[in-house]
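Peer 1: Once you've had a glance at the structure underneath, I'll fire off some questions.
The values are calculated or read from the model by the stated rules, or taken from the named source; none is laboratory data. The shown structure was predicted, so the numbers you read here are calculated from the model rather than taken from an experiment. Cβ placement follows ideal geometry from the backbone for every residue including glycine, while neighbour counts extend to all protein chains displayed. Each accessible area value is taken on the protein alone, full model and side chains, heavy atoms only, with ligands, DNA and RNA left out. Shrake-Rupley method; radii C 1.70, N 1.55, O 1.52, S 1.80 Å.
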Protein chains: 2
Amino acid sequence: MALTLALVQQAFIDDRHTTLERTGQHIRAAAAQGAELVCLQELHAGPYFCQHQSAELFDLAEPLDGPTAQFLGQLAAELNLVIVGSIFERRAKGLYHNTALVFDRSTELAGFYRKMHIPDDPGFYEKYYFTPGDADQPGFEPIETSVGKLGVLVCWDQWYPEAARLMALADADVLIYPTAIGWEPPEDDAEKQRQRDAWMLVQRGHAVANNLPVIAINRVGHEVDPSGVTDGIDFWGNSFVCGPQGELLLHAEHQQETVLMTEIDLQRCEQVRRIWPYLRDRRVDAYQDVTRRFRD
Amino acid sequence: MALTLALVQQAFIDDRHTTLERTGQHIRAAAAQGAELVCLQELHAGPYFCQHQSAELFDLAEPLDGPTAQFLGQLAAELNLVIVGSIFERRAKGLYHNTALVFDRSTELAGFYRKMHIPDDPGFYEKYYFTPGDADQPGFEPIETSVGKLGVLVCWDQWYPEAARLMALADADVLIYPTAIGWEPPEDDAEKQRQRDAWMLVQRGHAVANNLPVIAINRVGHEVDPSGVTDGIDFWGNSFVCGPQGELLLHAEHQQETVLMTEIDLQRCEQVRRIWPYLRDRRVDAYQDVTRRFRD
């Protein structure tokens with residue numbers, strides 16, 4: 001039973017309204033081609049604003065039922081499909097998250113996920129803006145939908161095998177990573193290649209280790225650093241889908257805006273798990289130190 | 001500070017004596033070319049005997065100071081290098097393990113590791129022969145040597161991100177996987193390719209997730225199934241070394257017996273960890289369910 005999915009790999013243009021309008025066109029085009037699940041990139045409605053720290057930028061945040069959520073919910077209901085989106089969430093006065101949203105053929109939110117691992121390095125000042133998600137609200141919990149249990153994680157989470165494993169142990173059918181990752185333009189080409197390859201390798205590794213398909217949707221385009229300190233970020237695209245043995249099913253080997261479509265077979269997971277039954281042999285008696293910062 | 005290492009990718013020939021003699025020639029050749037660390041494949045002194053179940057085969061087992069250990073220790077002392085070997089260990093009457101051994105320029109054992117995750121599927125009846133390693137004797141503990149802290153794991157362990165992580169958290173400098181993995185000859189080519197790629201992907205993924213180099217040494221050659229039930233196993237070679245971004249430094253894209261040599265830079269780990277500081281952001285407050293069989 002194949003699931004038809006679409007990945008919208010997009011650049012930010014001008015403002016939220018214009019960008020979402022374009023996103024809507026992409027989603028409609030995907031729906032017309034039979035998409036049942038549409039995945040959008042991290043913080044798709046706005047610029048990647050974390051390149052510098054500015055208190056004013058918290059104005060970009062919106063609640064779980066804010067304008068971006070309403071826009072996505074209406075499309076999910078109208079087009080009768082599942083949409084994975086992403087917002088800068090204002091949870092309360094002074095409490096903000098980087099949050100993925102899922103709508104399942106309805107204007108009502110099917111579920112959300114608040115990014116658990118928050119990066120912070122020059123040009124990516126996310127610890128300033130985003131409170132890490134709570135361990136259990138919702139934490140590493142797949143979101144039930146009509147197309148399966150979606151293990152939605154966000155960007156920096158993709159480097160953590162623990163996050164993928166916890167989603168798999170909670171019976172996720174697929175791992176989905178909305179992402180905004182790119183190069184600093186001055187970086188040399190060999191290092192750029194290693195970074196991009198590492199990003200793909202680690203996620204394909206999660207697919208293998210958990211026998212689950214993985215969907216990664218990344219932003220494209222150059223975005224300037226408003227502070228002028230750096231040369232900005234070239235978001236590297238390269239969105240991809242792999243199957244439960246890590247095999248590439250789809251890969252945008254470029255940085256152009258595009259809608260990518262493919263099919264995945266959520267039944268294949270169990271077939272692969274019968275050949276390579278990793279879950280059977282996990283040494284759950286010997287993993288307790290995974291909860292330690294370091295074993296010193 | 002580069003570390004020169006050698007991987008001996010070998011086929012079993014005739015008997016233990018003949019095979020170890022050949023191994024000795026390979027190690028001497030590697031030493032002559034400056035190897036400081038030599039890695040051998042899983043159960044390198046014998047056939048891969050787990051293709052069928054036979055109580056007589058427990059006669060192949062030897063203690064931690066048995067003939068294979070003595071052979072390796074003498075070479076490590078004579079040639080002044082570190083050797084990672086692998087034996088079918090007889091720990092006590094009726095208690096056997098699949099055990100990696102490390103000798104550090106001495107006949108004395110520097111450390112050992114008893115395979116923690118034990119596979120079992122047609123042609124690979126390891127649960128019959130091998131008791132899983134104890135959680136803490138030695139468990140997931142790197143072995144201190146003059147060339148660094150070696151995170152030695154064995155074959156089936158390579159599919160488990162938990163094992164790699166626990167070694168990294170115990171300050172391993174490198175992950176090393178002696179392996180005996182192959183295809184059943186009747187399998188179709190596309191599936192063979194997916195299996196081999198998955199095997200490489202998941203280990204390169206551990207490199208990325210932990211910012212550590214990974215060394216995988218696999219057996220070559222066809223070994224018949226003495227029970228005649230299957231067509232035997234084609235061990236797929238493809239031994240490789242990757243750096244802390246998962247980048248391939250060495251790869252034997254074939255199934256021939258060979259000694260592969262390369263250099264790795266154990267200092268690069270810390271440079272990479274400064275760019276991508278995953279250890280900083282692990283959600284140790286939210287990982288406790290990793291110790292559960294399933295989150296149901």
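Peer 1: Can you work out which of the residues in the stretch A:30-53 that are outside any loop (DSSP other than H, G, I, E, B) and touching a strand residue (DSSP E or B) at 6+ places or on another chain (Cβ under 6 Å) is surrounded by the fewest Cβ atoms within 10 Å (Cβ to Cβ)?
Peer 2: Within the stretch A:30-53, the match that is surrounded by the fewest Cβ atoms within 10 Å (Cβ to Cβ) is A:Cys50.
Peer 1: What is the number of the single condition among (1) open to solvent by 40 Å² or more (accessible area, probe 1.4 Å); (2) touching a residue at least 60 places away in the same chain (Cβ under 8 Å) that B:Gly94 does not meet?
Peer 2: (2)
Peer 1: So how many residues does the stretch B:193-249 have that are more than 14 Å from every other protein chain (Cβ to nearest Cβ), open to solvent by 10 Å² or more (accessible area, probe 1.4 Å) and over 23 Å from A:Glu247 (Cβ atoms)?
Peer 2: 11
Peer 1: Could I ask something else about it? Restricting attention to the stretch A:55-74, does a residue exist that is more than 24 Å from A:Asp134 (Cβ to Cβ) and buried (at least 17 other Cβ atoms within 10 Å of the Cβ)?
Peer 2: For the stretch A:55-74, residues more than 24 Å from A:Asp134 (Cβ to Cβ) and buried (at least 17 other Cβ atoms within 10 Å of the Cβ): present.
Peer 1: So if I check each of B:Gly228, B:Gly232, which one is touching a strand residue (DSSP E or B) at 6+ places or on another chain (Cβ under 7 Å) and over 24 Å from A:Ala286 (Cα atoms)?
Peer 2: Every option except B:Gly232 fails the conditions.
Peer 1: What do you reckon, is B:Thr23 hydroxyl-bearing (Ser, Thr, Tyr) and crowded, with 17+ Cβ neighbours inside 10 Å?
Peer 2: Judged against the criteria, B:Thr23 is a match.
Peer 1: Condition check: surrounded by fewer than 19 Cβ atoms within 10 Å (Cβ to Cβ), under 18 Å from the mean Cα position of the chain (by Cα) and more than 9 Å from chain A (Cβ to nearest Cβ). Does B:Glu257 satisfy that?
Peer 2: yes
Peer 1: Of the conditions (1) out of contact with any helix residue (DSSP H, G or I) (no Cβ under 9 Å at 6 or more places or on another chain); (2) part of a loop (DSSP other than H, G, I, E, B); (3) under 19 Å from B:Met200 (Cα atoms); (4) not hydrophobic (A, V, I, L, M, F, W, C), B:Thr262 fails just one. Which one is it?
Peer 2: Only one criterion in (1) out of contact with any helix residue (DSSP H, G or I) (no Cβ under 9 Å at 6 or more places or on another chain); (2) part of a loop (DSSP other than H, G, I, E, B); (3) under 19 Å from B:Met200 (Cα atoms); (4) not hydrophobic (A, V, I, L, M, F, W, C) is unmet by B:Thr262, namely (2).
Peer 1: Could you please give the count of residues in the stretch A:267-293 that are open to solvent by less than 30 Å² (accessible area, probe 1.4 Å) and at pLDDT below 95?
Peer 2: Number satisfying all stated conditions: 1.
Peer 1: Please work out if B:Trp199 is out of contact with any Gly (no Cβ under 8 Å at 6 or more places or on another chain) and at pLDDT 95 or above.
Peer 2: yes
Peer 1: Of the numbered conditions (1) open to solvent by 10 Å² or more (accessible area, probe 1.4 Å); (2) modelled with pLDDT of 95 or more; (3) of a type outside the set (Phe, Trp, Tyr), B:Thr179 fails exactly one; give the number of that condition.
Peer 2: Answer for B:Thr179: the failing condition is (1).
Peer 1: For the stretch A:171-243, which fully contained strands (runs of 3 or more DSSP E) count at least 1 residues that are of a type in the set (Asp, Glu)?
Peer 2: Here the list reads A:220-223, A:233-236.
Peer 1: Does any residue of the stretch A:281-292 turn out to be hydroxyl-bearing (Ser, Thr, Tyr), at the interface with chain B (Cβ under 7 Å from one of its Cβ atoms) and without any contact (Cβ under 8 Å) to a residue 60 or more places away in the chain?
Peer 2: Checked against the condition, which is being hydroxyl-bearing (Ser, Thr, Tyr), at the interface with chain B (Cβ under 7 Å from one of its Cβ atoms) and without any contact (Cβ under 8 Å) to a residue 60 or more places away in the chain, the stretch A:281-292 yields at least one hit.
Peer 1: Which of (1) within 11 Å of another protein chain (Cβ to nearest Cβ); (2) assigned to a helix (DSSP H, G or I); (3) surrounded by fewer than 24 Cβ atoms within 10 Å (Cβ to Cβ) is the odd one out, the single condition B:Glu141 does not satisfy?
Peer 2: (2)
Here is a yes/no grid of residues against (1) touching a helix residue (DSSP H, G or I) at 6+ places or on another chain (Cβ under 7 Å); (2) open to solvent by less than 20 Å² (accessible area, probe 1.4 Å); (3) within 12 Å of chain B (Cβ to nearest Cβ):
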position	(1), (2), (3)
A:Pro119	yes, yes, yes
A:Pro122	no, no, yes
A:Tyr125	yes, no, no
A:Asp136	no, no, yes
A:Gln158	yes, yes, yes
A:Pro161	yes, yes, yes
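Peer 1: Restricting to the stretch A:91-110, count the residues that are farther than 21 Å from A:Glu78 by Cβ and of a type in the set (D, E, K, R).
Peer 2: Of the residues in the stretch A:91-110, 2 are farther than 21 Å from A:Glu78 by Cβ and of a type in the set (D, E, K, R).
Peer 1: Among the residues of the stretch A:96-127, which ones are part of a strand (DSSP E or B), touching a strand residue (DSSP E or B) at 6+ places or on another chain (Cβ under 9 Å) and farther than 17 Å from A:Ile143 by Cα?
Peer 2: If the condition is that a residue be part of a strand (DSSP E or B), touching a strand residue (DSSP E or B) at 6+ places or on another chain (Cβ under 9 Å) and farther than 17 Å from A:Ile143 by Cα, then A:Tyr96, A:His97, A:Phe124 are the ones that fit.
Peer 1: Checking B:Asp173 against (1) open to solvent by 40 Å² or more (accessible area, probe 1.4 Å); (2) over 18 Å from B:Ala216 (Cα atoms), which single condition isn't satisfied?
Peer 2: With respect to (1) open to solvent by 40 Å² or more (accessible area, probe 1.4 Å); (2) over 18 Å from B:Ala216 (Cα atoms), B:Asp173 is out only on (2).
Peer 1: Within the bounds of the stretch A:11-27, is there any residue that is under 30 Å from A:Glu184 (Cβ atoms), of a type in the set (Asp, Glu) and assigned to a strand (DSSP E or B)?
Peer 2: Checking the stretch A:11-27: not a single residue is under 30 Å from A:Glu184 (Cβ atoms), of a type in the set (Asp, Glu) and assigned to a strand (DSSP E or B).
Peer 1: Check whether at least one residue in the stretch A:144-155 is outside any strand (DSSP E or B), out of contact with any strand residue (DSSP E or B) (no Cβ under 7 Å at 6 or more places or on another chain) and aliphatic (A, V, I, L, M), and report yes or no.
Peer 2: Scanning the stretch A:144-155, I find no residue that is outside any strand (DSSP E or B), out of contact with any strand residue (DSSP E or B) (no Cβ under 7 Å at 6 or more places or on another chain) and aliphatic (A, V, I, L, M), so the answer is no.
Peer 1: Tell me, please, whether a residue that is in a loop (DSSP other than H, G, I, E, B) and in contact with a His (Cβ under 9 Å, 6 or more places away or on another chain) can be found in the stretch B:65-86.
Peer 2: No, the stretch B:65-86 contains no residue that is in a loop (DSSP other than H, G, I, E, B) and in contact with a His (Cβ under 9 Å, 6 or more places away or on another chain).
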